[in-house]
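J.: Right, I'll just put the structure down here and ask away after.
The values are calculated or read from the model by the stated rules, or taken from the named source; none is laboratory data. Keep in mind that this is a model prediction, so the values were computed, not measured. Cβ placement follows ideal geometry from the backbone for every residue including glycine, while neighbour counts extend to all protein chains displayed. Just the protein is used for accessible areas: all its heavy atoms, side chains included, with ligands, DNA and RNA removed. Shrake-Rupley method; radii C 1.70, N 1.55, O 1.52, S 1.80 Å.
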Amino acid sequence: MNIWLDGNLVDESEARISVFDHGLLYGDGVFEGIRFYNGRIFKLEEHIRRLFDSAKAIVIDMPWTHEEVCRFTCETVAANGLTDGYIRLVVTRGKGSLGLNPFQCPVPSMFIIADTIQLYPEEHYLKGLSIVTCGTRRPPPAALMPQVKSLNYLNNIMAKVEAIQAGALEAVMLNEQGYVAECTGDNLFILKNGTLHTPLINDGALDGITRATIIELAATLGIPLVEKSLTRYDIYTADECFLTGTAAEVIPVVAYDRRVIGDGTPGPVTRRVLEAYKDLVNRTGTPFR
Ligand code: PXG
């Protein structure tokens, strides 16, 4: 596998990061997860824009332009001979001395991996997922900005541990006020009386690119949608529920905290949205060669 690392395409065995890199020492860095389908990178511009915004918010001065990062990403995918897969693009604070001070790290590091990913077994895309609420809360926006896709994922990982130990594949994370924020690696939507609802970003959700895509698709399909604070009650009594993410794509949820959602099978609106999403990813995107 060829990895892009700080300006060079190198073999995986040569792609090494210093133990003094603050991305490793402190989780100080940002990343993107991007999919490509049929030889085209889906929402490349949007992901690179979010990467630059994340970097800016945490005071990482990117030494590359948007266009360069798009080009490096395309080169990496092309160098690996895949037509469908997942890109993991990581920017770290770079090498520095011990101690938190990020200003001791003169240059950020960037690496790009083009591989494949499967978050959930295929059968769940047809049958739906059973998910649970976890005890681990999303940090308040004043503690960790939810829009920043940072390398600091311990919060989500603790939530994932709880989900798996409870026999579920995914967990709903609440914020400090008890409102639904999102899942460990996906945004959440419910359908109630014909209207789609999704939590507000300021309730602790990542400003997901798939979330934004679904909001646009809903408008195209003529499905009303609101962004608002949701509680567990709203999910318990929802007609339908699904999760969205670049890696997860659109996945139906059929049970939550052991309550059956709707009739326990993926609902008609969820299936419509899933089909429309599949169609969109297969016919749009940036060609990488
Ligand atoms: N919420 C969180 C906390 C995420 O990490 C999403 C929502 C969905 O956002 P997008 O923009 O992808 O629609 C994410 C996505 C990985 C990996 O290993 C990354 C994510 C999720 C799962 C795995 O790269 N991020």
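J.: Compute the acute angle (0 to 90°) between the alpha-carbon long axis of helix 154-165 and the principal axis of greatest extent of the alpha-carbon atoms of the chain; round to the nearest 10°.
T.: In the chain, helix 154-165 runs at an angle near 50 degrees to the longest axis.
J.: Using a 7 Å offset from the Cα along the Cα-to-Cβ direction at both N202 and V260, what is the distance between the two label points in nm, to one decimal?
T.: 3.9
J.: Let me ask something additional. Once both axes come from the Cα atoms, what is the angle between helix 66-79 and the longest principal axis of the chain, in degrees from 0 to 90, rounded to 10?
T.: The helix 66-79 is inclined about 90 degrees to the chain.
J.: Which residues does a label at T284 reach in segment 214-236, if reach means a backbone N under 18 Å from a point 7 Å past the Cα toward the Cβ?
T.: 214-225
J.: For the chain, what is the largest minus smallest coordinate of the Cα atoms on each principal axis, given in angstrom and ordered from greatest to least?
T.: 54, 42, 31
J.: Output wanted: per-residue J couplings in Hz (rounded whole) for segment 208-219, from phi through Karplus 6.51 cos²θ - 1.76 cosθ + 1.60, θ = phi - 60°, x for Gly and Pro.
T.: Going residue by residue, I get x, 6, 5, 3, 5, 5, 5, 4, 5, 4, 4, 4 Hz, with x marking Gly and Pro.
J.: Report E67's accessible area, 1.4 Å probe, all protein chains in place, as a number in Å² to the nearest 10.
T.: 130
J.: When Rg is the radius of gyration of the Cα atoms in segment 122-283 and Rh is its Kirkwood radius, what does Rg/Rh come to?
T.: Here Rg/Rh amounts to 0.93.
J.: Quick check on the chain: helices-only [θ] at 222 nm, where DSSP H runs of length 4 and up contribute -39,500 (n - 2.57) each and the sum goes over total residues. Nearest 500, please.
T.: One gets -8500 deg cm²/dmol as the mean residue ellipticity at 222 nm.
J.: For the chain: lysine pairs with Cα atoms under 28 Å, gap of 8 or more or different chains, count?
T.: 23
J.: Ok, one more. Expressed as a whole percentage, what fraction of the accessible surface of the chain belongs to carbon and sulfur atoms when a 1.4 Å probe is rolled over the protein heavy atoms?
T.: Of all accessible area on the chain, carbon and sulfur atoms account for 54 percent.
J.: Sticking with this structure for a sec: How much of R49 can a 1.4 Å solvent probe reach, expressed as accessible area in Å² and rounded to 10?
T.: Spelled out: R49, probe radius 1.4 Å, area about 120 Å².
J.: On a 0 to 90° scale, report how tilted helix 44-57 is relative to the longest principal axis of the chain, with both axes built from alpha carbons and the result rounded to the nearest 10.
T.: So the inclination is approximately 70 degrees.
J.: What distance in nm separates the simple spin-label points at D6 and M158, each placed 7 Å from Cα in the Cβ direction?
T.: About 3.3 nm separates the two model spin labels.
J.: Now, a different point. How many nm separate the modelled label positions at Q118 and T237, each set 7 Å beyond the Cα in the direction of the Cβ?
T.: Roughly 3.9 nm, to one decimal.
J.: Then there is this: Working with all protein chains in place, sort D239, D53 by solvent-accessible area computed with a 1.4 Å probe, largest first.
T.: Working: D239 65, D53 100 Å².
I get D53, D239, largest accessible area first.
J.: Can you send over the solvent-accessible area of D6, 1.4 Å probe, protein chains only, in Å² to the nearest 10?
T.: 70
J.: From the backbone phi of segment 16-30, what are the Karplus-calculated ³J(HN,Hα) couplings (6.51 cos²θ - 1.76 cosθ + 1.60, θ = phi - 60°) in whole Hz, Gly and Pro given as x?
T.: Per-residue couplings from phi come out as 10, 10, 5, 5, 8, 6, 5, x, 7, 5, 10, x, 8, x, 9 Hz.
J.: Leaving ligands and nucleic acids out of the surface, order V226, V172 by accessible area at 1.4 Å, largest first.
T.: Most to least solvent-accessible, the answer reads V226, V172.
J.: Follow-up question, since we're still on this one. Return, for the Cα atoms of segment 1-88, the radius of gyration and Dmax in Å, separated by a comma.
T.: Computed over the Cα atoms of segment 1-88, radius of gyration and Dmax are 13.5, 38 Å.
J.: Hey, can you grab everything whose amide H is under 5 Å from the amide H of E182? Only 5+ residues off in sequence or another chain; H modelled, so Pro and N-termini drop out.
T.: The answer is M173.
J.: Could you please put F36, F52 in sequence from largest to smallest accessible area, using a 1.4 Å probe?
T.: Sorted by accessible area, descending: F52, F36.
J.: Let me ask you something else. Considering only protein heavy atoms, what per residue accessible area in square angstrom results for the chain with a 1.4 angstrom probe? The partial results should precede the final answer.
T.: Working: 13320 Å² over 289 residues.
Heavy-atom SASA per residue in the chain reads 46 Å².
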